[in-house]
1. When the residues of the stretch 1-22 are narrowed to those that are over 19 Å from residue 57 (Cα atoms) and touching a Phe, Trp or Tyr at 6+ places or on another chain (Cβ under 9 Å), which ends up least open to solvent (accessible area, probe 1.4 Å)?
2. Of everything in the stretch 119-170 that's among the hydroxyl-bearing types (Ser, Thr, Tyr) and modelled with pLDDT under 95, which residue is most open to solvent (accessible area, probe 1.4 Å)?
3. Considering only strands (runs of 3 or more DSSP E) fully contained in the stretch 73-126, which possess at least 3 residues that are under 30 Å from residue 9 (Cβ atoms)?
4. Would you pick out the residues in the stretch 198-220 that are in a loop (DSSP other than H, G, I, E, B), in contact with a strand residue (DSSP E or B) (Cβ under 8 Å, 6 or more places away or on another chain) and either open to solvent by less than 60 Å² (accessible area, probe 1.4 Å) or modelled with pLDDT of 95 or more (or both)?
5. Looking at (1) touching a strand residue (DSSP E or B) at 6+ places or on another chain (Cβ under 7 Å); (2) modelled with pLDDT of 90 or more, find the lone condition where residue 9 falls short.
Amino acid sequence: MKQDGEDFTVVDCSSAEAKFVVLKKLSGSEYTCKDVAGVTYTYYEDKQVCLGDKGADPQQASNSARQGDCLTDSSVPPVRKLPCTDPQSIYKVLERKDGGLSSIACDSVTGTEVTYSWELKQIGDGKKFPKLGPDLIFCLAHKEVDTARALENAKTGDCLRDTTIKPNLETTDCGGSDAKYRVLRVVGASHQCDNVQGATSSFTFTPGGLSIPRVFCVARLR
């Protein structure tokens with residue numbers, strides 16, 4: 001298929017003009033192409049036609065990713081699904097959501113560092129039905145991070161250790177040799193730590209998808 005403005009035209013797949021391939025034509029009981037691996041466009045004829053980029057591997061399509069799968073850097077398109085053992089994969093999918101508001105979709109997903117939104121492009125009559133947000137939202141964390149030790153889980157009395165992966169801190173056993181800070185209080189602004197007895201510094205962290213930061217008033221242990 002080749003794209004002509006707001007329309008698509010069938011051409012031979014060997015043609016240099018062919019930029020898209022038909023992945024699927026939806027049946028009457030199906031209403032969206034977003035779950036078709038590798039889809040990039042929905043084209044409306046007598047029924048919805050799911051189109052993907054010619055030459056792309058549908059198995060690496062980001063829209064096919066599920067919980068536990070890994071993706072390449074979400075800030076560098078095209079985002080691809082790759083084995084978590086592949087050095088090019090950066091993030092692990094903690095949760096996949098079918099649409100919603102990307103600014104709050106991952107609020108309740110512990111360990112979320114990055115929110116990645118995927119949107120299906122529409123051409124044809126489907127444009128008459130505006131969408132309220134992205135088609136898919138992925139709550140992501142660095143694949144090497146133990147989400148059970150996520151900084152956002154830290155509470156008063158917990159201890160933290162340095163890591164090489166952002167946000168560069170995670171919880172740890174206070175009796176361990178790697179424990180570097182003890183959390184004295186969790187507040188909403190760094191200036192509030194000035195009144196926390198024993199606090200030697202503070203760390204500000206905004207979990208992925210949230211607009212309100214968390215500030216950890218800490219005491220250095222070593």
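1. 8
2. If we filter the stretch 119-170 for residues that are among the hydroxyl-bearing types (Ser, Thr, Tyr), which is where we start, we get 147, 156, 163-164.
Cutting the leftovers down to modelled with pLDDT under 95 gives us 147, 163-164.
Working: 147: 47, 163: 37, 164: 135 Å².
Filtering the stretch 119-170 for residues that are among the hydroxyl-bearing types (Ser, Thr, Tyr) and modelled with pLDDT under 95, the one most open to solvent (accessible area, probe 1.4 Å) comes out as 164.
3. Values: elements: 91-97, 114-118, 121-123.
Fully inside the stretch 73-126 and qualifying: 121-123.
4. Of the residues in the stretch 198-220, the ones in a loop (DSSP other than H, G, I, E, B) are 198-200, 206-213.
Okay, now just the ones that are also in contact with a strand residue (DSSP E or B) (Cβ under 8 Å, 6 or more places away or on another chain), so 198-200, 206-209, 213.
198, 199, 200, 207, 208, 209, 213 - these are the residues of the stretch 198-220 that are in a loop (DSSP other than H, G, I, E, B), in contact with a strand residue (DSSP E or B) (Cβ under 8 Å, 6 or more places away or on another chain) and either open to solvent by less than 60 Å² (accessible area, probe 1.4 Å) or modelled with pLDDT of 95 or more (or both).
5. Every condition holds for residue 9 apart from (2).
Conditions (1) of a type in the set (Gly, Ala, Ser); (2) in contact with a strand residue (DSSP E or B) (Cβ under 6 Å, 6 or more places away or on another chain); (3) open to solvent by 80 Å² or more (accessible area, probe 1.4 Å), marked per residue:
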site	(1), (2), (3)
24	no, yes, no
27	yes, no, no
42	no, yes, no
45	no, no, yes
52	yes, yes, no
56	yes, no, no
61	yes, no, no
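The values are calculated or read from the model by the stated rules, or taken from the named source; none is laboratory data. If you're wondering where the values come from, they're calculated on a predicted model, not measured in any experiment. When we count neighbours, we look across all protein chains shown, and the Cβ atoms used for this are built from the backbone with ideal geometry, even at glycine. Please note that ligands, DNA and RNA were not included when accessible areas were found on the heavy atoms of the full protein model with its side chains. Shrake-Rupley method; radii C 1.70, N 1.55, O 1.52, S 1.80 Å.
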